[in-house]
Amino acid sequence: MTMGITEGAEPILELRHVSKKFPAVRALEDVSIQVKGGEIHALIGENGAGKSTLMKVVGGIHPADTGEILLDGEVLRLGTPLDALRLGIRTVHQEISLAPNLTVAENIFAGNEPTRYGLIDRRELNRRALEVLEPFKVKIPVNSRVGLLSTGLKQIVEIARAMAGSPRLLMLDEPTSSLERHETERLIGILRGLASSGIGILYVTHKLKEIFQLADRVTVLRDGRRVMVKPVSETHPGEIVRSMVGRELERIYPPAGGDIGGELLRVEGITKDSAFEDVSFTLRRGEILGFSGLIGAGRTEVAQSLFGYLRKDAGAVYLNGERLDIRCPTDSLNSGIAYLPEERKALGLYLGMSVVDNFVSANLRKYSRLGILSGREMDGACAGAVDMFRIRTPSIRQHVRFLSGGNQQKLLLARLLALKPRILIADEPTRGIDVGAKSEVHTMLRRLCDEGVGVIVISSELPEVLGLCDRILVFHEGRISGEVSRRAATEEKIMHLATGGGLSVEET
Amino acid sequence: MKDILERLQKLLQAHREFVIFGVLVLGCISFYLAQPGEQNHFMTIGNWRVIAVNISTDALMVVGMTLVIIAGGFDLSVGSTLALGGIVCGKLMVAGVAVPVAMVAGLSVGALIGIVNGLIITKIGVNPLITTLAGMIIVRGLAQVVTQASPVTGLPSSFTALGGDMELFGWVRIPWPIVLMVVVVLVADFLLRRSRFLRQVYYVGGNEEAARFSGIRVDRVRIFTYVMTGVLSALAGIMSSARLISASASAGDGAELRVISAVVIGGASLSGGVGTVLGAFLGLLLVGVIENGMEIMRVNIYMKNVVTGMILILAVSADRLDREKLKRFWRWLRS
Ligand SMILES: Nc1ncnc2c1ncn2[C@@H]1O[C@H](COP(=O)(O)OP(=O)(O)OP(=O)(O)O)[C@@H](O)[C@H]1O
Ligand SMILES: [Mg+2]
């Protein structure tokens, strides 16, 4: 915990009885919250509880219906996001919102570029970008296009952009959802430093551990209402979870599956230039295989090559002993290999289309006869999935754009599971999903295994990998640097391998 | 109250067809009231026949263009394809080729143009606007080369009958172009709503990468939309040469912009993923009716373009507005 903030510190941000309604959804109801100078204030709640909406109201994206927002004691009248920016309110949104065709440096200083004689001064721009990124201690070429970066690095650029504006109030919406342990810890250090310089920080996360590492106080939202606010030192994870979901919740990983069957998938020496090299492994029926490693270690690239989205340069893949010739995602879906992408907005969702349309998109064949789709069957199947996954939406006709991040993620999972795949490759399957729903997802993955499906899970969250997987492959700079079985796995061992510690640790 | 308004607005935005239909009815009523009673010329069967025949060729292209635009594409080459399709069909018939064979040849020219457009756009990755702009110029040029700038005439009467009327029970007479238009629009609208293959067009336009991840063969769908516009444009060319009893290299000049406007008025978005055939057709009908009404009222004929342009911008702006934007706009006005 940080130095306890002084009792009398003036609030930088204060919300008084703020309510916000969307058509058919009460997103915020009578919410009051104070963020003091030097304070890191955590905000937690189930998917759809209203966390992101709260940030958007403060950030000038949505006007509040009723209630007051005060910054440094003065009532804010926010017309547009620009007004909020001018007052020093910076937000790191839940979804990455960088311009993929601009460079890292251009993104960080977008709209605020250093100029010389009215022209953008590139040298100065790049120098300052390096300066802003320095504390993250990651290798990011400031000159490269953002579109080429991995999701984790994009997230870092996004955070850096918010910090570059020397904010008065910094709001971060699940900033660590694509970061692994090292980056997360570094970010925590950076945020503490910022807070001690007197600014206010509002921090949304689904990871309880981060709250206890970082925050001074925590506010819990449920169904748009504030149900708890306490100094972190006076509460514990159990209490937070209970007030989040309104009941006791046992947070345990599902027990390892009974019997793991024979070989399902065999990958031999697949290689893609400047992404990964000589990757070989097997996946058995009923097994959950974890991919661990640092950001940029090539895990996502391997998965996307298996799925046929990226082209591999060498190597072979066998399904049930037969060599697969997969040229595009269509082929791999036809052979029963499904992939849940990490970047749900860019690669997964049709934001402008409805929940049903999104749900059936990968499975049109199932809902059609003689090439004609049956609206009733699609609606029925989708309504079933919405129930089963407890996707919070006013109707299945709602545009997916208006779903909260975690609910979008659940929808993507529902879509893939409806395919009844033989192999499921899930890239960060619980990204942005709340604590309760997370263990439901884990149980669901385990149940799939019991039906003989082989599952590959890519996760930056070590506890998730350790708790869920039967076997873990650790990647380092595009190669498999080791394999660890469930029983032998520890965080230390995996980190050792992930940072290039060599030597295969296979003890069973 | 606020809630009801909000719901109504949502409903109207979701069902663009209703709105256009409403505007259409209003337009018709006002044209009737402008000249009511005995001398009214607007609300006569004869006049509506004229309107329908006038839009019948554009309507075929509108159907194809709707597909292209929903898939996130664009096609400027429709007008030129119309000309070349009609010319190839006409030349062959004049040379003595059987009528059905010549028609199939004409349609094939359209398909070929579509395939080339589609391949360049998907496989080489040239922007659709540029690709089809080039296509529009080249195809128009080809049409001029083939005809040496003199129209193809002397078409066989068994062919030109297609531009005439269909007789039913000996007393109902409906022009063939209208019959074809109605059939094509209805079938296409149904298929686009319900067929599995065409549903993919929405996904491709909605988010191309997500469509790939959903296992949709994106390039194939894209190319298909260009082939459909090509074929339908050629069909439009064949029908219009049957009606005009000649095929000329300047046929369909400027059609592309009319067609695109109609599709957009009908609710499609140039960023893809939204739109319906029925909406686009109603958009075309709306423009056709207003132009016709203004002609009857002897408004300066050049006003036509001014009005069409205004409908376009109004329709699109109405789409973009929501309550929060209105509020903001209002605040900005006051400050
Ligand atoms: N623009 C909008 N239009 C309609 N409904 C919306 C809109 N934005 C959010 N909602 C709804 O408001 C509720 C709160 O959403 P919000 O995004 O704030 O949740 P969240 O707490 O951030 O959830 P998550 O943990 O999943 O990110 C959800 O039910 C969501 O569907
Ligand atoms: Mg959120």
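The values are calculated or read from the model by the stated rules, or taken from the named source; none is laboratory data. From a predicted model like this one, the values you see are computed outputs, not experimental measurements. Note: ideal-geometry Cβ built from the backbone for every residue, glycine included; neighbour counts use all protein chains shown.
Quick notes on this one:
- Boolean, A:A437 is in the same structural domain as A:G296 (by TED's automatic domain parsing) and either closer than 23 Å to A:V355 by Cα or within 16 Å of ligand 1 (Cβ to nearest atom) (or both): yes
- Selection count, segment A:68-96, where residues are aliphatic (A, V, I, L, M) and in contact (Cβ under 8 Å) with a residue 40 or more places away in the chain: 8
- Which numbered condition B:I121 misses (of (1) within 14 Å of another protein chain (Cβ to nearest Cβ); (2) touching a Gly at 6+ places or on another chain (Cβ under 8 Å)): (1)
- Segment B:270-317 - residue that is among the polar types (S, T, N, Q) and more than 25 Å from B:H41 (Cα to Cα) and, of those, modelled with the lowest pLDDT: B:S317
- Of the helices (runs of 4 or more DSSP H) that lie entirely inside segment A:47-156, those containing 2 or more residues that are basic (K, R), at pLDDT below 90 and more than 16 Å from ligand 1 (Cβ to nearest atom) span A:122-133.
- A:V455, sole failed condition from (1) more than 16 Å from ligand 1 (Cβ to nearest atom); (2) outside any helix (DSSP H, G or I); (3) surrounded by fewer than 18 Cβ atoms within 10 Å (Cβ to Cβ): (3)
- Answer from B:G252, B:G283, B:G237, B:G275 - the residue that is crowded, with 24+ Cβ neighbours inside 10 Å, of a type in the set (G, A, S), more than 27 Å from B:I87 (Cβ to Cβ) and more than 10 Å from the chain's Cα centre (by Cα): B:G275
- Segment B:178-197, subset more than 9 Å from chain A (Cβ to nearest Cβ) and touching a residue at least 24 places away in the same chain (Cβ under 8 Å), residue farthest from A:G336 (Cα to Cα): B:I178
- Residue list for segment A:60-73, filter: farther than 12 Å from A:V31 by Cβ and within 14 Å of chain B (Cβ to nearest Cβ): A:G60, A:I61, A:H62, A:P63
- Criterion violated by A:A297 - all others in (1) farther than 20 Å from A:S150 by Cα; (2) aliphatic (A, V, I, L, M); (3) away from chain B (no Cβ under 13 Å) satisfied: (1)
- Conditions (1) part of a helix (DSSP H, G or I); (2) within 14 Å of another protein chain (Cβ to nearest Cβ); (3) of a type outside the set (A, V, I, L, M, F, W, C); (4) closer than 17 Å to B:A188 by Cα: number failed by B:G267: (1)
- Per-region count, segment A:377-412, residues over 17 Å from A:G352 (Cα atoms), out of contact with any Gly (no Cβ under 6 Å at 6 or more places or on another chain) and within 8 Å of ligand 1 (Cβ to nearest atom): 0
- None of B:T160, B:T131 is β-branched (V, I, T) and buried (at least 19 other Cβ atoms within 10 Å of the Cβ) except B:T131.
- Residue satisfying all of: in segment A:26-68; more than 16 Å from ligand 2 (Cβ to nearest atom) and under 17 Å from A:D83 (Cα atoms); surrounded by the fewest Cβ atoms within 10 Å (Cβ to Cβ) among these: A:E68
- Cβ-Cβ contacts under 8 Å between residues 6 or more apart (or on different chains), taken from a first residue in segment A:12-28 that is under 21 Å from A:G405 (Cβ atoms) and within 14 Å of another protein chain (Cβ to nearest Cβ) to a second residue that is in a strand (DSSP E or B) and away from ligand 2 (no atom under 16 Å from the Cβ), are listed as A:R26/A:S19; A:A27/A:K21.
- In segment A:166-193, residue nearest to the other protein chains (Cβ to nearest Cβ) [restricted to those that are within 16 Å of ligand 2 (Cβ to nearest atom) and among the aliphatic types (A, V, I, L, M)]: A:M171
- Evaluated against (1) at the interface with chain A (Cβ under 10 Å from one of its Cβ atoms); (2) of a type in the set (D, E); (3) not in a helix (DSSP H, G or I), B:E209 falls short on exactly one condition, (3).
- Under the condition of being part of a loop (DSSP other than H, G, I, E, B), within 14 Å of chain A (Cβ to nearest Cβ) and of a type in the set (A, V, I, L, M, F, W, C), the residues counted in segment B:212-247 number 1.
- Within segment A:32-58, residues that are within 20 Å of A:R242 (Cβ to Cβ) and in contact (Cβ under 8 Å) with a residue 12 or more places away in the chain sit with their Cβ atoms under 8 Å from residues that are among the β-branched types (V, I, T) and near ligand 2 (Cβ under 9 Å from one of its atoms), at 6+ positions apart or across chains, in these pairs: A:A42/A:V204; A:L43/A:V204; A:I44/A:V204; A:K51/A:V204.
- Of all residues making up segment A:15-45, the number that are farther than 26 Å from A:G189 by Cα and assigned to a loop (DSSP other than H, G, I, E, B): 2
- Helices (runs of 4 or more DSSP H) wholly inside segment A:318-418 containing at least 2 residues that are under 25 Å from A:G308 (Cβ atoms) and more than 10 Å from chain B (Cβ to nearest Cβ): A:405-417
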